[in-house]
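The structure appears right after this line, and notes come after that.
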């Protein structure tokens, strides 16, 4: 598999992970104050997913 194909696969993986994290954060916000203790963990997971997604997009752009 070429670098570009690998990056496209990674992009798809991280896009899905970011969307799931976004939905988890949204669901958490709608349920507040229930589970308010999990805000930092859910927010960190969402942040990391989007950070990695953007880095993968930049890497793909650099290879094309």
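The values are calculated or read from the model by the stated rules, or taken from the named source; none is laboratory data. In this text, all values refer to a predicted model and were calculated from it rather than measured experimentally. When we count neighbours, we look across all protein chains shown, and the Cβ atoms used for this are built from the backbone with ideal geometry, even at glycine.
At a glance:
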{"read-out": "Filtered residues of the stretch 37-64 (kept if in contact (Cβ under 8 Å) with a residue 60 or more places away in the chain and either surrounded by 13 or more Cβ atoms within 10 Å (Cβ to Cβ) or in a helix (DSSP H, G or I) (or both))", "value": "63"}
{"read-out": "Residue within the stretch 11-31 that is exposed (fewer than 13 other Cβ atoms within 10 Å of the Cβ) and in contact with a helix residue (DSSP H, G or I) (Cβ under 6 Å, 6 or more places away or on another chain) present", "value": "no"}
{"read-out": "The one condition in (1) exposed (fewer than 13 other Cβ atoms within 10 Å of the Cβ); (2) in a helix (DSSP H, G or I); (3) at pLDDT 95 or above that residue 4 fails to fulfil", "value": "(3)"}
